[in-house]
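Enquirer: Sending over a structure as C-alpha cells; questions will come in a sec.
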Amino acid sequence: MAKPTPVRGLHAATPMPEAARALRGGRLADVQRQLGKLGGTLAADPVHDARVATRRLRAALVLFGDDKRVRRADKVVNALQDALGEVRDLHVQLDAFAAMDDQAAPLERTALRHVRQHLEARLPGRTDALREAIPRWQKDGLRVLARLEGVEPKGKLAGHRTRDRLVAELEELEARVIEAQQDPSATPMHELRKGVKKFRYALELLEPAMPVEIGEILGALVPLQETLGTLHDTDVRLELVDDHGDASSQGTDAVLRRLRTDRDRQAQDVLRALESWEEEAVALRSQVLLSASPLKRGGGRRGAGRR
C-alpha cells in the first residue's frame, strides 16, 4: 500500500481551515498521481493504491465539517472509490484462486476453474465502468473539491473537536471489537474491518501534529487491519466457491474444506491481534485522545515510562 504524501507545516494549533485545505490538497494530489499510474491495463497494484488514496481523501473531507458542499464532494469521491473497488476486488480473488490452483488436486482444479470463469466474465464490465468513471471524476471531482475553498471549519487541527470526533469513532470501533470477539463470523469481522480502516485514515490526518503518538497507535492498528483483510478475503472466497463451484464435483467440497481450515486459522490470528490492539490501544487512547489537549502539552515522547 502506497503511503500518503507528507503534508508539511502543520502542527497541533494549526487553524482547521488551513489544515483542512492543506490535507485535502495533499490527499487529492495522491489520488491524481495514483490515477496517472493506472495506464491502459488497470493493473492490480495501481488500482489498489488509487483506491486507498480515495479513502484517505474522503477522510480528509471530514475535517471540513458537515456542510452540503462537503457531502457533495464526498459523494463524488465515493463514486470513484467504488469503481476502483469493483475492479480491485476481482483482482484480489483472481490472484488468490490462481495461487490455489497451483497447489490443487485435479478435482479441486475443476471447482476453481468454474469460479475463475465467473470472475473473469465480470472483469471486462467492471474495467469498462472504471475507465468511464475516471474522466467523470476529472470533470466533476475537481470542481466539487474546489468549492470547499469557501468552507470555514471551526477549531484547530488537534483541538477538542477533532479529539471528540476521534473518541466517538474509537468507542464505535471498540463496540465492533466486542461483537467480533463474541461472534467471529464473517459479518461482524467485516464490520470491524471497515471500522478499523475508517479509524486508521482519520488518525493519519493527525500525524503531522502528533507524529510520535499517532505512529504508536498505528503501529498496533495496521497489523490488525491486515489480519482482518486476509480473513475477509477468505470469507469472500468461501462464498464464491459455494455459489459458483461445480456443485456436482467432489473438488468443490475439498476446496471448501481447505478454505474453512484457512479461515479458522485466520480468525484465531485476528483474535490474537485484537488482544494486542487492546493491550496497546487502551493506554494509548487514554493518553492521546482522552488526556489534556496536545495544544497544552509538551512534545515529549508519550509513554516513555511504559515497558
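Enquirer: Need one value: the accessible area of Arg272 in square angstrom, 1.4 angstrom probe, rounded to the nearest 10.
Expert: The accessible area of Arg272 comes to roughly 130 Å².
Enquirer: Rounded to the nearest 500 deg cm²/dmol, what is the calculated helix-only ellipticity per residue at 222 nm for the chain, with -39500 (n - 2.57) per DSSP H run of length n ≥ 4?
Expert: After summing the helix terms and dividing by the residues of the chain, the value is -26000 deg cm²/dmol.
Enquirer: A further question on this structure: At a probe size of 1.4 Å, how large is the accessible area of Asp66, to the nearest 10 Å²?
Expert: Roll a 1.4 Å probe over it and Asp66 shows about 130 Å².
Enquirer: With a/c under 1.5 counting as rounded, go ahead and sort the chain into rounded, prolate or oblate using the C-alpha gyration tensor (a ≥ b ≥ c being the square roots of the eigenvalues; past the cut-off, prolate if a/b is larger than b/c, else oblate).
Expert: Cα axes put the chain in the oblate bin.
Enquirer: Assuming a ≥ b ≥ c are the square roots of the Cα gyration tensor eigenvalues, decide whether the stretch 57-165 counts as rounded (a/c under 1.5), prolate (otherwise, with a/b larger than b/c) or oblate.
Expert: oblate
Enquirer: Next question. If we sort 179-189, 70-80 on the protection proxy, mean other Cβ atoms within 10 Å, highest first, what's the order?
Expert: 70-80, 179-189
Enquirer: Quick check: with the 1.4 Å probe, what order do Lys197, Lys3 take by accessible area, largest first?
Expert: Output order, biggest surface exposure first: Lys3, Lys197.
Enquirer: Also, quick follow-up: In the stretch 101-157, which trypsin sites (Lys or Arg not before Pro) fall in coil by DSSP and have 13 or fewer other Cβ atoms within 10 Å?
Expert: Taking the stretch 101-157 and a limit of 13 other Cβ atoms within 10 Å, the loop trypsin sites (Lys or Arg not before Pro) found are Lys154.
Enquirer: For the chain, what are the DSSP H helices with axial Cα length of 30 Å or more and mean Kyte-Doolittle hydropathy of at least 0.0?
Expert: 211-244
The values are calculated or read from the model by the stated rules, or taken from the named source; none is laboratory data. What you see is a predicted model; the values in this text were computed from it and never measured. All Cβ positions, even for glycine, are placed from backbone atoms using ideal geometry, and neighbour counts span all protein chains on display. All accessible areas refer to the heavy atoms of the entire protein, side chains included, with ligands and DNA or RNA removed. Shrake-Rupley method; radii C 1.70, N 1.55, O 1.52, S 1.80 Å.
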